[in-house]
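The values are calculated or read from the model by the stated rules, or taken from the named source; none is laboratory data. Please read these numbers as outputs of a predicted model, since none were measured by experiment. With ideal geometry, Cβ positions are generated from the backbone for all residues, glycine too; neighbour counts draw on all protein chains shown.
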């Protein structure tokens, strides 16, 4: 039995970015919920940070949701940022060649610091 995905959204006060913190398994059963919540966030804020520090497992369905969300963010002239992805997700990014298309940071604080217009802006 899979560990249900827990999703918490934290809205940034500057209205430029939303943070969605996740905990549990990102898999066939939970990826649609993440995609739906994240896509809704992208409708109101151009930048979405996914705090993945609590993710314990990610299968191909979860990875596909990340790829689709990145495309959705780009179409909205925004940005999808992955904060603290687990080693498994980092390996999937590397093996698929997708590491070059994602903005990946070791933690949420680093991801927030890299937002456009802040000190340490990564562009």
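Within region 89-108, being surrounded by fewer than 17 Cβ atoms within 10 Å (Cβ to Cβ) and in a helix (DSSP H, G or I) holds for 90, 91, 94, 95, 96, 98, 99, 100.
Just give me the residues in region 1-29 being over 16 Å from residue 115 (Cβ atoms), modelled with pLDDT of 85 or more and touching a helix residue (DSSP H, G or I) at 6+ places or on another chain (Cβ under 6 Å), in sequence order. Don't jump to the end; show me each part of the working.
Of the residues in region 1-29, the ones over 16 Å from residue 115 (Cβ atoms) are 1-9, 21-29.
So of that shortlist, the ones also modelled with pLDDT of 85 or more come out as 21-29.
Matches in region 1-29: 26, 27, 28.
Can you name the residue in region 24-50 that is closer than 21 Å to residue 109 by Cβ and free of Cβ contacts under 8 Å to residues at least 60 places away in the same chain and, of all such residues, is nearest to the chain's Cα centre (by Cα)? If you could, list the steps in order and put the result at the bottom.
Start the filter on region 24-50 by keeping residues that are closer than 21 Å to residue 109 by Cβ, which leaves 38, 41, 45-50.
Within this subset, residues satisfying the condition of being free of Cβ contacts under 8 Å to residues at least 60 places away in the same chain are 38, 41, 45-46, 48, 50.
On the way: 38: 8, 41: 11, 45: 14, 46: 13, 48: 7, 50: 3 Å.
Checked region 24-50; the qualifying residue nearest to the chain's Cα centre (by Cα) is 50.
Taking the numbered list (1) assigned to a loop (DSSP other than H, G, I, E, B); (2) within 10 Å of the chain's Cα centre (by Cα) in turn, residue 66 passes all entries but (1). Could you list, in sequence order, the residues of region 54-77 that are surrounded by fewer than 17 Cβ atoms within 10 Å (Cβ to Cβ) and touching a strand residue (DSSP E or B) at 6+ places or on another chain (Cβ under 7 Å)? 54, 56, 57, listed by residue number. Cβ-Cβ contacts under 9 Å between residues 6 or more apart (or on different chains), taken from a first residue in region 80-105 that is on the phi > 0 side of the Ramachandran plot and in contact (Cβ under 8 Å) with a residue 12 or more places away in the chain to a second residue that is crowded, with 20+ Cβ neighbours inside 10 Å and part of a helix (DSSP H, G or I), are listed as 84/111. It is to be established whether one or more residues within region 30-48 are assigned to a strand (DSSP E or B) and either at pLDDT 90 or above or surrounded by fewer than 18 Cβ atoms within 10 Å (Cβ to Cβ) (or both). Yes, there is a match, as at least one residue in region 30-48 is assigned to a strand (DSSP E or B) and either at pLDDT 90 or above or surrounded by fewer than 18 Cβ atoms within 10 Å (Cβ to Cβ) (or both).
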